[in-house]
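What follows is one structure encoded as structure tokens, with my remarks underneath.
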Amino acid sequence: MEHLERYYRFQSSIYDATRWLFLFGRAGILDRMAEASPSPHHIVEIGCGTGHNLCRLARRFPGARITGIDLSPDMLAIARRKTVRFDDRVVLRQAIQRDRLEAGCDGILFSYSLSMMNPGWEGVLDSAIHALVPGGVLAAVDFHATPLGVFRAHMEQHHVRMQGHLFPALEARLRVESATVRSAYGGLWTWFEFVGRKPSQ
């Protein structure tokens, strides 16, 4: 995934100033996550970026231990500055896609990260579900699809796959708690919120 590291070497400097324009649903997915699991003990965000969600998670779940994982050392450097106020309750880790998560977490968050894991998203998703305790919750918000081939190709140049492949994969692997597909900019693309629970058996 060296191409993503190179990509985010520059993007990390402008990420927080620009992503609000198109990363919709990042606040809402935390609401859905809290509804499904009000008092988690250990939350892992895979693809934590600059720590935008980590800070919100730390405030939203004051009793939880939180781990942020990302491929980019540049993004993690920014996240480290943001989360230092939470002391040792927020831990950051650089990881590569073939790493397996430590088992035992009861909450996992993917926020606009799975659509960038190409190839390899299925392995990361399955590893995340394996790491969840039975009854644990996985929440995801991400790009879904676009009807415009030109826009799809443009997003692929930015390492984002928008082919409607993630939503059905999540539905097939987890017990659905809530799932919604929404439209952005008059149908230029769609994005989804998904919360699912790992079956107890």
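The numbers here are math on the coordinates, done by the rules we state, and not lab data. It should be emphasised that the depicted structure is a prediction, and the values quoted were computed from it without experimental measurement. Ideal geometry is used to build each Cβ from the backbone, glycine not excepted, and the neighbour counts take in all protein chains shown.
Using the Cα centre as the reference, give the magnitude of the dipole from point charges on the C-beta atoms of region 2-197 (Lys, Arg: +1; Asp, Glu: -1; all else neutral), rounded to the nearest 20 debye. Don't jump to the answer; show the numbers that get you there.
Working: 23 positive and 20 negative charges, 81 e Å.
So the dipole magnitude of region 2-197 works out to roughly 380 debye.
Among 70-80, 21-31, how do they line up by average Cβ neighbours within 10 Å per residue, starting with the highest?
70-80, 21-31
For Arg26, what is the net charge nearby, where nearby means another residue's Cβ is under 9 Å from its Cβ and Lys, Arg count +1, Asp, Glu -1?
Working: positive: Arg19, Arg56; negative: none.
Result for the local shell: +2.
In which sequence would Val195, Val91, Val124 go, from the one with the fewest C-beta neighbours within 10 Å to the one with the most? The partial results should precede the final answer.
On the way: Val195 25, Val91 14, Val124 22.
Exposure proxy ranking, most exposed first: Val91, Val124, Val195.
Name the residues of region 170-201 whose amide N is less than 12 Å from a point 7 angstrom out from the Cα of Leu148 along the C-beta direction?
184-190
Neighbouring Cβ atoms within 10 Å as the yardstick, rank His42, His52 fewest first.
Working: His42 18, His52 21.
Going from sparsest to densest Cβ surroundings: His42, His52.
What percent of all Cα-Cα pairs in the chain falls into each 5 Å bin, going from 0 up to the bin containing the maximum distance?
All Cα pairs, binned at 5 Å, distribute as 1, 7, 17, 21, 22, 18, 10, 3, 1, 0 percent.
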